Amino acid sequence: MQKKLFLFAISLIFWLSAVLPFAEAQSGRRIQIYSAAELAANDGLYRSYIQAVFREDLIGQLPLSERAALMNTHLVIPRGVLQTPPIAVWAIVDERTVYFPIQTAAFLDDLAALAGWLTWQGCSFEPGALYAGMIVNKTPPANQLRYPNPRSAFGLGDNVWNDQNVKNTSNQILKTSIYFILAHELGHIKHNHSGYDTITPERAQQQEIEADRFAIETMRHIGVPPVGMFYFFTVLSRMEGRVPTTHPLSGSRLIQIASALEQNPGDFVPPNESRRRWAPVIRNYAHQFRTLIPVVDNSVLREQLDRQARFAPWSELRRSCP
């Protein structure tokens, strides 16, 4: 079977499939953030980490019936620079294979570090959301061929992880983001979803909701708090922008996630952790999800945010959190 990445993949990549052509139309270049050398230097680290989460932390912890149904799925981790958006993870259902590129892992890792740093600086994640809009609405900074990664755009080097608070928070954000993304893709395989080029937009949305539901229920069963999901969806909401996609991120998807967190916050508490301490934290994440709904569903607001990102100078990011 011939693999057609943007036509056949059943995945998160369709949330962003129209972003790359839009960025090329605006800037004359694709959204490249990392060099091949940078990705190669961290290939082994990300590869082993994603493999461990996929096999041991995720599939290995599923209920027996679901574990048996998904045991023969495969994980492929493409290396090097790909012509895909910064966040692009997909599944090919009839091959029972999930694809998670190294460049996506690198982007999520840097994004998690930025989110952790902003948190411990007492700043909101809005500057991070602005950055996400800028990389799809602007050309790279002057005299640069590639876009800055989420850390370097804010002037943060590798030493950002020397702060133990930032390190712990960023690790939680990264791992739970990868949990959700992989579980979402496994949900497509479990439900045997059809390719989006063969179904209606309404059915495509239904498939996304089903995959989200599987991911949420999996995180509930394992006891994984949704620490990274808010940042992940925030970035997707800004990167998607005004560009129509096969099945855009919708408020109904966010409502489903928020409702699940509100109704059973204690179910997402990690094993051996205090439910009393975690329950209000998880409810707060549910509230944050609801704040994203206007960004997703209000076309006027989305256009305003796109315009803000288009005209914001890159230097503004470094001044956004004192």
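Rounded, prolate or oblate: pick one for segment 180-280, where a ≥ b ≥ c are the square roots of the eigenvalues of its C-alpha gyration tensor, a/c under 1.5 means rounded, and failing that, prolate if a/b is larger than b/c, else oblate. Walk me through the numbers on the way to the answer.
Values: a/c = 2.58, a/b = 1.71, b/c = 1.50.
Judged from the Cα gyration tensor, segment 180-280 comes out prolate (a/c at least 1.5, a/b above b/c).
How big is the charge dipole of segment 253-322 about its Cα centre, in debye rounded to the nearest 20, if each Lys and Arg gets +1 on its Cβ and each Asp and Glu gets -1 on its Cβ?
200
Considering only protein heavy atoms and a probe of 1.4 Å, how much of the accessible area of segment 104-191 is carbon and sulfur, as a whole percent?
Values: 1280 of 2960 Å².
Whole-percent figure for carbon plus sulfur exposure: 43.
Which label belongs to the value computed from this structure, given these candidates for Cα Rg over 2.2 N^0.38 Å: (1) 2.28; (2) 0.94; (3) 1.42?
Read-out from the structure maps to (2).
Cβ under 13 Å from Pro127's Cβ, Pro127 left aside: what net charge do those residues give with Lys, Arg +1 and Asp, Glu -1?
+2
Given the rule -39500 (n - 2.57) for each run of at least 4 DSSP H residues, summed and divided by the residues of the chain, what is its mean residue ellipticity at 222 nm, to the nearest 500 deg cm²/dmol?
Computed mean residue ellipticity for the chain: -18500 deg cm²/dmol.
Please give the length that would be gained between Ser124 and Ser274 if that part of the chain were fully extended, namely 0.36 nm times their separation in residues minus their C-alpha to C-alpha distance (nm, one decimal).
Using 0.36 nm per residue and subtracting the Cα-Cα distance, I get 51.4 nm.
Is the C-alpha gyration tensor of segment 115-161 telling us rounded, prolate or oblate? Criteria: a/c under 1.5 is rounded; beyond that, a/b larger than b/c is prolate, otherwise oblate.
Numbers: a/c = 3.34, a/b = 1.49, b/c = 2.23.
Since a/c reaches 1.5 but b/c is at least a/b, the shape of segment 115-161 is classed as oblate.
Based only on Cα atoms, what Rg/Rh ratio does segment 88-154 have, Rh being taken as Kirkwood's radius?
Rg/Rh: 1.08.
Treating only the Cβ atoms of Lys and Arg (+1) and Asp and Glu (-1) as charged, compute the dipole magnitude of the chain about its Cα centre; round to the nearest 20 debye.
For this selection, approximately 380 debye.
Name the long-range amide H neighbours of His74: under 5 Å, sequence gap of 5 or more, or other chain; modelled H, no Pro or chain starts.
Thr97, Val98
Of the DSSP beta bridges with both residues in the chain, give the percent that are antiparallel, rounding to the nearest 5.
Antiparallel: roughly 60 percent of the beta bridges in the chain.
Considering only protein heavy atoms, what per residue accessible area in square angstrom results for segment 212-311 with a 1.4 angstrom probe? The partial results should precede the final answer.
Numbers: 4370 Å² over 100 residues.
Value returned for segment 212-311: 44 Å² of accessible area per residue.
For segment 283-322, which whole percent of the accessible surface, found with a 1.4 angstrom probe, sits on carbon and sulfur atoms?
Carbon and sulfur: 52 percent of the exposed surface of segment 283-322.
Given the options Ile31, Pro101, Gly128, identify the residue whose Cα lies farthest towards the positive end of the charge dipole of segment 21-147 (+1 on Cβ of Lys, Arg; -1 on Cβ of Asp, Glu).
Ile31
Which FRET efficiency, nearest 0.05, do Thr139 and Arg220 yield, Cβ-Cβ r, R0 45 Å?
Efficiency, from the Cβ-Cβ distance: 0.60.
Please report, in debye to the nearest 20, how large the charge dipole of segment 159-309 is about its Cα centre when each Lys and Arg carries +1 at its beta carbon and each Asp and Glu carries -1 there.
460
Positive end of the dipole of segment 164-282, charges at C-beta (+1 Lys, Arg; -1 Asp, Glu), about the Cα centre: which of Asn272, His191, Thr218 has its Cα farthest in that direction?
Asn272
Apply the a/c threshold of 1.5 to the C-alpha gyration tensor of segment 121-191 and tell me whether it is rounded, prolate or oblate.
On the way: a/c = 2.31, a/b = 1.29, b/c = 1.79.
Here segment 121-191 falls in the oblate category.
Taking the solvent-accessible surface of protein heavy atoms with a 1.4 Å probe, what is the per residue accessible area of segment 36-155 in Å²?
Result: 38 Å² of accessible area for each residue.
Hey, if you put +1 on the Cβ of every Lys and Arg and -1 on every Asp and Glu Cβ in the chain, which of Ser177, Ala40, Leu58 ends up farthest toward the positive end of that dipole?
Farthest along the dipole direction, towards plus: Ala40.
Give me the number: length gained by fully extending Arg283 to Leu45, i.e. 0.36 nm times residue separation minus the C-alpha to C-alpha distance, one decimal in nm.
So the chain would gain 82.4 nm between Arg283 and Leu45.
Given a Förster distance of 41 angstrom, what is the FRET efficiency for Asn162 paired with Arg310, based on the Cβ-Cβ distance and rounded to 0.05?
Numbers: r = 35 Å, r/R0 = 0.84.
That gives a FRET efficiency of 0.75.
The values are calculated or read from the model by the stated rules, or taken from the named source; none is laboratory data. Keep in mind that what you see is a predicted model, and the values were worked out from it rather than measured. Please note: Cβ atoms are built from the backbone with ideal geometry, for glycine as well, and neighbour counts cover all protein chains shown. Each accessible area value is taken on the protein alone, full model and side chains, heavy atoms only, with ligands, DNA and RNA left out. Shrake-Rupley method; radii C 1.70, N 1.55, O 1.52, S 1.80 Å.
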